[in-house]
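The values are calculated or read from the model by the stated rules, or taken from the named source; none is laboratory data. Since we're looking at a predicted model, the values are computed, not measured. Counting neighbours? That spans all protein chains shown, and the Cβs are built from the backbone with ideal geometry, glycine included.
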Amino acid sequence: MTRSELIAAIASHFPTLTAKDAEIAVKEILGAIEHSLSQGHRVEIRGFGSFALSHRPGRTGRNPKSGEAVAVPAKYVPDFTAGKEMRERVERATE
């Protein structure tokens, strides 16, 4: 599902919301998650999952075209862990 599909689904599920209102809501929610992660905080949405930052240490990589060694710097990347309820719902839906 893309962001525009999510906005359309929310707008159709709540008839009092216009598509523009749904777009603003989705943008604010995703922006709040992004801001919290950029501050180094963890975000937990009960029944859905949690977002946190994972540290990837620096390493030596290879350029696939030339085979030359390339230094890859250490970085933080967002990490999502599905909650128990979500895992169970997905499991039931795939059976």
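Taking each residue of the range 1-18 that is without any contact (Cβ under 8 Å) to a residue 24 or more places away in the chain and looking for partners that are assigned to a loop (DSSP other than H, G, I, E, B) with beta-carbon atoms closer than 6 Å, six or more apart or interchain, yields Ala11/Leu17.
Quick check: anything in the range 37-45 within 20 Å of Phe80 (Cβ to Cβ) and small (Gly, Ala, Ser)? Can you show your working first?
Step one: list which residues in the range 37-45 are within 20 Å of Phe80 (Cβ to Cβ), which gives 37-45.
Adding the requirement that they be small (Gly, Ala, Ser) leaves 38, 40.
For the range 37-45, residues within 20 Å of Phe80 (Cβ to Cβ) and small (Gly, Ala, Ser): present.
Exactly one residue out of Ile24, Ile33 is modelled with pLDDT of 95 or more, surrounded by 12 or more Cβ atoms within 10 Å (Cβ to Cβ) and under 12 Å from the mean Cα position of the chain (by Cα): that is Ile33. Under 6 Å between Cβ atoms, at least 6 apart or on separate chains: pull out the pairs that start in the range 31-54 with a residue that is touching a residue at least 60 places away in the same chain (Cβ under 8 Å) and end on any residue that is part of a loop (DSSP other than H, G, I, E, B) and aromatic (Phe, Trp, Tyr). The qualifying pairs do not exist here. I'd like to know if the range 75-85 contains one or more residues that are at positive phi, surrounded by fewer than 13 Cβ atoms within 10 Å (Cβ to Cβ) and either outside any loop (DSSP other than H, G, I, E, B) or at pLDDT below 95 (or both). No, that holds for no residue. Listed conditions (1) part of a strand (DSSP E or B); (2) under 23 Å from Ile10 (Cα atoms) are all met by Val70, apart from (2).
The set of residues in the range 1-40 that are in a helix (DSSP H, G or I), farther than 18 Å from Phe51 by Cα and aliphatic (A, V, I, L, M) comprises Leu6, Ile7, Ala8, Ala9, Ile10, Ala11, Ala19, Ala22, Ile24, Ala25.
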